[in-house]
Each structure stands twice: as C-alpha cells, then as structure tokens.
Amino acid sequence: MSIYLEAVGLEKSFGGLKAMNDCSFTIDQGRITCLVGPNGAGKTTIFNAITGFLKPDQGHVTFKGESLDGLSPQAIVDKGIARTFQNLRLFAELTTLDNVMIGLGGQVGEEPFGAIYRPFHTARAQAAKKRAALETLEHVGLADKASEYVRNLSYGEQKLLTVARVLATGAELLLLDEPASGLSHGALDGIMTLLRRLQDEGKTLLVVEHNTRVVQRIADDVLFLHQGHLMARGTPAEITSDPKLAEIYFGGVI
Amino acid sequence: MDFYFSYIVLAEIYVLLGLSTNLLVGIIGIFSVSQAAVFGVGAYIVAAFLMSGTLGFIPAMIVAFICCVILNILLALPSLRVSGDYFVVTSFGIQLLATAVFINWTAGTGGANGLPGIPPPEILGHTVGEAWEFLVLVTVATGLGCLAFGLILRAPFGRLLKAIREDELAVAAAGKNVLRAKVSAAALAGGFAGSAGGLYATFMSFIDPVSFDLDASILLLTMVVVGGARTLAGSIVGPFVLLALPHVLMLIDIPTTIAASMRQLIYGLLLIAFMLFRPQGLVGEKL
C-alpha cells in the first residue's frame, strides 16, 4: 500500500518553545490513527501544519503522493483533508443546518453575482444542498435539531455537529481534535460508534484523544508524541503497556 | 408637498447608504467608520462629470459605481490584517484623511465652499427636474439596492458572510475562500455608497465636505443601530426615523441657533440608548 499521508521532519518554534521537533510520521488509509501525548506535546500544532493553518519552519507533508506545502486551508480541504477544532468553533448564531451547509462545497450563489442575478437558480440549487446537509445531519444523529440554533444544543450535540461539518466538506481524511473529551458516558459511546461507522464507509481518521479507554476502543494505530517529536508508534495495547510512555504521559520527564 | 418629497428622497438615498454600512458592519463584521468618505467620492465624481459636461448622468453614475467599488475594496483591505478595534482606528484615520482631501483639494472639490450648481440628471434625453421625477428615480435605485441586499441575505453568500463574522478560521477550515467573500462584500458596499453619492449630488445640486465627514459616517452607524443591524428592514427603518428627527425638532419651539447641536446631541443619545437597552435596534438583530 502506498503511503497515504506522510509528514517528514516537521519543525516549528514559537519563541524558545519547539512545538514540533523533527516530527515525522505516516498515516495509513482507511484506519483510525490516534495522536496521543501529554499536554503541549504538539498535537494541535501538527493538525495546524497538515491543514495549512500554520506554516512549519521546516519539513514537508505529502498526501497521496502530492505535496501540501504552502497550500491554503481552503486548498487542503479541496484535496480531501478537513479538520475540527478542540474548541469547536461552531457558528453559534447560525442554525445546525446552516453550520453544515457552510461545509458543503460547490454552491451556487455563494458569491454576489450568482446570488443577485440568478436568484431562482440559486434557490433551486439550495434545495438540493439542503437535502445533502440533512442527510449528513441524519448520519450523525442530529436531524431533529436541524433548525435549532447552535447555542441551544448540548455540548455532546455540538461535538457531533463539528463532525457533521467536516463530513459535509466531502473530505476523505478527517482530523478530529478531541472529539470525545468532556462527553458523558452515553455521548461517548455514540461518538465512538460514529467514528467506527465513518471508518467502515471508507474515511480515514486522525484523532487527538486523551482518554486511554477511548483510544483502546477505536484506534488501529497510536502515535505517541512527546515534546513535538514522534516518540513511539504501535497498537493501542503496545503503547499503553509501555511503562516509559506511561511515565511521560503522567508527568515524568525523560 | 416638496418638503415631504425631499424628506423621502433623502431618506431613500440614506437607505442605500444604510445597506452599504449594514453589509460591512452588520453582516460581515468589518467595522467601518468611513462609509461617508466613499459616499463623498461617489458624489464628487458624478458632480465633476456633470458640471464639466464630459459625461452624461448614467455613464457618470457607472464610473462613480466602479470607482467606489475599487475604493471600498482598498479601504477594507486592512481588515484582512487587523481585526476588530484596530480596524476601527484604521478606518477612522481613512475618514479623517478623506475629509482633509475634500476640504483642501479646492480645484477638484471646491474645498470648504463646496460645489454649487450641479445639473439635474438627464436620462434618455429627459431631464429629471421635478421633485416627483426624482422620487421615482431614487425609489427605483434604492429598490434595486434593497432587492440585491435581500437576495444576498437569502443566498448562500449571505450565510457565508454571517459565518465569516462569527469565525473566519472555521470558515477557512470548511474549505471556503474568506478573502474572496470579504472583497466581494466590500465591493458591493462600495457600489451602494457610490451610487448613493451620485444621487445625492444631483438631488441636492450642491455638495460640500460637511455631508461626507466623520459625523456623517457616525450618523450612518446610528441609522444602522437604531434601525437594526443585519436586516433589510433595519436598513430601511433607520434612515427614515433619524431623518425625521430634525422635522420633529422643528415642531418643538427651539431657537434655530441651537437646533443643529441639539440634533447631534439627540443622535448621540439615541446611539448610546439603543446600544444599552435595545442592541437589536427597532427591527434588527443584536450587533
């Protein structure tokens, strides 16, 4: 199998802090890869580097053999990679449905000329997009909340909505930043089932996750990150049984 | 009767300006305090062409429209780099700069004395001289502006602009081009303001820098706040309410010497009161 996503020698310094330090790893297609590591290990920085929100000082990222270097976040979504944010970043003053519709590509009337000169065409195209967005909401189990404003959703529902928004972009590689953190038991089961289902549908997932039980249940591969460097890679069982990694994770310094 | 015509025509011109300000400030969240400057540029351009006779009314309006589209894109560009409070300061500087040019570039703008004797519009060989004819012209122009504004709000473009106001980064993460959307909105707002300027110049037949200064920009913001941000109805109601104020003041017996400052005082109080007690305005959403 050819390499799906590859990062080689990523470096990024914020002042004296090295958020990424010669960071190299690969992700295999069709798998759920969990990115773990103590706070400040550089997990979100890696997300930012892959999705074009941050330019690494050095290093390269390739996706299906194509370089992503220097591409804008928009261009990277077009390539098929989309991300969520740890702090959700939903549009609170839009409805659930509109949040998803923002993610849908290829919309008619998303610029002033189409909107003003072809209103009927725009309205017809919108109806089709609305159906697509509703299907996406159904997929994550939020269809009954379509016309609710985001501020009226529970935290768990908001997390599901962030997943719906990346699904709407049609991306094949989904980068999910802590999709399970802060969720109740019931919601946790729901999101784990959803992630598994996405995998069955052919998506590849890179997931930042702190909860080791979640990692054990969903991950095919685990990347262990420490001080901006890939320290270990393995199955969940291998990573969690390594006493050295456990010590780093719970606050030891090596 | 002319008195009411004049009130309605002016209010409609300000509706067009209100759309411009609402689009930038209310919908996409570019807090511009220099929309009166763009309004002024449109007015001076149309005035200059009509007074020199080099262009007719319609071509002059088109030139003013295009110039103001370009100008407003340039003015909004800093908002791509600096956001929020910082942009207000930048925009404030732009407004002061524009006023300085309007006052000091005597050859082009007539300086503080202004430009008197701007000829009335001529459309297809017919001079729009009567008040009611002007009312029709301005109503058509403003109606088109309102239609465009309404269509945008309903279209995906409107949703994209609102999303950008809330979280630019999240919009980029959803695969949308934030820069293009912002530039398009700024262009449209510039076109509205420029057209309003041209109509204003020909209707008043006299323009001077006072109509396009910082007070005018703040009056526009007040109209949007009082009418209601982010809605078409708000952009229409605001100008009609605020421009009625001087007429209401006339009914009360106050000396003409303090009437102008009285008006400014009331505008200021209205702005504060609405921000505190009814931030969504009369018929709008919370700014």
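FRET efficiency for the A:Ala237 to B:Leu169 pair, using the beta carbon distance and R₀ = 25 Å, is estimated at 0.10. In terms of other Cβ atoms within 10 Å, B:Lys162, A:Lys159, A:Lys18, A:Lys64 run from fewest to most in the order A:Lys64, A:Lys18, B:Lys162, A:Lys159. For the stretch A:143-254, relative contact order (Cα pairs under 8 Å, six or more residues apart, normalised by length) works out to 18 percent.
In the stretch A:194-213, whose amide N lies under 18 Å from the spot 7 Å out along Cα-to-Cβ of A:Glu138? List them in ranges. Hits in the stretch A:194-213 for A:Glu138 at 18 Å: A:194, A:197-198, A:201. The stretch B:175-213 and the stretch A:180-216 have Cα centres lying 50 Å from one another. At 7 Å along the Cα-to-beta-carbon direction for both B:Ser52 and B:Phe277, put a label point, then send me their distance in nm to one decimal. Distance between label points: 5.2 nm. The value of relative contact order for the stretch A:95-169, using C-alpha pairs under 8 Å at least six residues apart, is 47 percent. Look at A:His185, A:His229, B:His247 and count the other Cβ atoms within 10 Å of each Cβ; fewest to most, that gives A:His185, B:His247, A:His229. Are there any helices in chain B, counted as whole DSSP H runs, that stretch 20 Å or more along their axis by Cα and score at least -1.0 on average by Kyte-Doolittle, and if so which? Both cut-offs are met by B:2-21, B:35-52, B:57-76, B:85-104, B:131-154, B:178-204, B:232-251, B:256-277.
For chain A, the number of Lys pairs with C-alpha atoms closer than 13 Å, counting only pairs eight or more positions apart or on separate chains, is 4. The stretch A:138-170 and the stretch B:35-80 have Cα centres lying 45 Å from one another. Note on A:Ser154 and B:Ser6: with the Förster distance fixed at 51 Å, the Cβ-Cβ geometry gives a FRET efficiency of about 0.40. Per-residue mean of foreign Cβ neighbours for B:163-169 is 5 (Cβ atoms of other chains, 10 Å radius). Ordering B:Phe240, A:Phe113 from the fewest to the most neighbouring beta carbons within 10 Å gives A:Phe113, B:Phe240.
Axis angle, to the nearest 10 degrees, between helix A:185-200 and the longest C-alpha principal axis of chain A: 80 degrees.
The numbers here are math on the coordinates, done by the rules we state, and not lab data. Just so it is clear, the model here is predicted, and its values are computed rather than measured. Neighbour counts are summed over all protein chains in view; Cβ atoms, including those assigned to glycine, are modelled from backbone coordinates with ideal geometry.
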